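Here's the structure, in structure tokens; my notes come after.
The values are calculated or read from the model by the stated rules, or taken from the named source; none is laboratory data. As the structure is a prediction and not an experimental result, all values here were calculated from the model. All Cβ positions, even for glycine, are placed from backbone atoms using ideal geometry, and neighbour counts span all protein chains on display. Surface accessibility is based on the protein's heavy atoms, side chains included, excluding ligands, DNA and RNA. Shrake-Rupley method; radii C 1.70, N 1.55, O 1.52, S 1.80 Å.
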Amino acid sequence: MDSTRKRALITGITGQDGSYLAELLLENGYEVYGLVRRLSTPNYGRIEHILDKIHLRDGDLHDQSSLLAALRDIQPVEVYNLAAQSFVATSWTQAVLTGESAALGVTRLLDAIRLTNPEIRFYQASSSEMFGKVVETPQRETTPFYPRSPYAVAKVYGHWITVNYRESYGMHTTSGILFNHESERRGLEFVTRKVTHNVAKIKLGLANELRIGNLDARRDWGYAPDYVRAMWMMLQQDTPDDFVIATGEQHTVETLVDTAFNCVDLDWKNYVVQDPRYMRPAEVDALLGDASKAGRILGWEPQVAFSEMIQRMVENDLRLLKDQHRL
């Protein structure tokens with residue numbers, strides 16, 4: 001361990017946000033540690049290029065003793081909790097597992113910090129899904145939550161337990177209420193990456209249709225590297241607080257599809273099939289965030305526009321598929 005460098009611990013380091021955050025912290029001179037679950041096949045694809053620069057540690061949000069041991073050994077100044085069962089659709093079929101990681105897992109980690117070193121600064125990954133069936137538009141920090149999935153309900157718990165530890169123990173705990181944020185590293189099960197990946201397959205002649213659910217759902221989509229920058233900025237503040245991070249622009253899934261097909265000069269109407277299998281039991285119709293507080297206090301604003309993000313994702317998927325199929 002280098003005692004002169006700030007140490008940070010990231011749970012969920014192998015995910016989209018965790019990998020970008022690890023890169024950002026390395027650029028800012030941190031010694032970066034990642035908590036990873038024991039898996040029969042490690043999933044290090046997103047962090048392969050920085051494995052020699054970071055430290056990985058076995059641990060699990062389901063296991064309090066592993067969290068306590070990691071905190072004692074690493075002695076981080078900042079902890080970023082990005083780990084959870086994060087796919088909304090799966091939360092209906094694995095509701096208890098989702099609650100264990102996204103709700104109780106947050107409590108275990110917060111309590112481990114309280115017992116080890118309550119001076120550690122803590123970031124909780126909250127979600128715009130907590131707003132669910134929205135009661136006002138746009139959604140801001142004061143908007144009441146109305147969660148519409150087991151995932152969103154668990155995230156509301158994680159959010160409020162973070163506030164509770166801040167107010168009960170005077171800990172520096174902050175929640176970022178992040179609206180949808182995507183990138184080339186997004187998992188294939190998420191609608192943006194599903195679209196860009198299938199558009200690339202259709203363009204290359206590897207597929208002839210894209211099956212999708214609700215084309216009318218509206219989301220506020222931003223670029224993941226912009227959003228992890230906001231996470232870091234939050235923990236640099238003297239006073240912990242909660243912040244909505246969003247672009248303030250709304251697009252339908254149909255617009256997403258149209259934009260992606262336009263990147264390869266194809267008309268989406270010739271390839272898209274609506275499939276009821278991809279409809280949610282309870283739909284979140286429209287999300288639109290107001291990030292003015294983050295702009296005012298953090299000085300944060302998004303840098304990559306929606307159309308540019310989709311273009312990057314489509315081009316990346318074209319490259320990946322060409323390499324994979326030697327095209």
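The criterion of being out of contact with any Leu (no Cβ under 6 Å at 6 or more places or on another chain), within 30 Å of residue 78 (Cα to Cα) and of a type in the set (Gly, Ala, Ser) does not hold for residue 286. Within the range 129-151, being at pLDDT 95 or above, of a type in the set (Ser, Thr, Tyr) and either buried (at least 22 other Cβ atoms within 10 Å of the Cβ) or under 20 Å from the mean Cα position of the chain (by Cα) (or both) holds for one residue alone: 146. Selection of the range 138-191 for residues being part of a strand (DSSP E or B) and hydroxyl-bearing (Ser, Thr, Tyr) yields 173, 174, 175.
I'd like to know if the range 211-219 contains one or more residues that are at pLDDT 95 or above and open to solvent by less than 10 Å² (accessible area, probe 1.4 Å). No: zero hits.
Suppose the filter is touching a Ser or Thr at 6+ places or on another chain (Cβ under 9 Å), surrounded by 24 or more Cβ atoms within 10 Å (Cβ to Cβ) and part of a loop (DSSP other than H, G, I, E, B); does residue 102 pass it? So residue 102 fails the test. Evaluation of residue 107 against the conditions (1) part of a helix (DSSP H, G or I); (2) surrounded by fewer than 21 Cβ atoms within 10 Å (Cβ to Cβ); (3) free of Cβ contacts under 8 Å to residues at least 24 places away in the same chain; (4) touching a Phe, Trp or Tyr at 6+ places or on another chain (Cβ under 9 Å) shows that the sole unmet condition is (3). Quick check on the range 179-201: of everything there that is aliphatic (A, V, I, L, M) and surrounded by 20 or more Cβ atoms within 10 Å (Cβ to Cβ), which residue is nearest to the chain's Cα centre (by Cα)? Applying the filter and picking the extreme gives 191.
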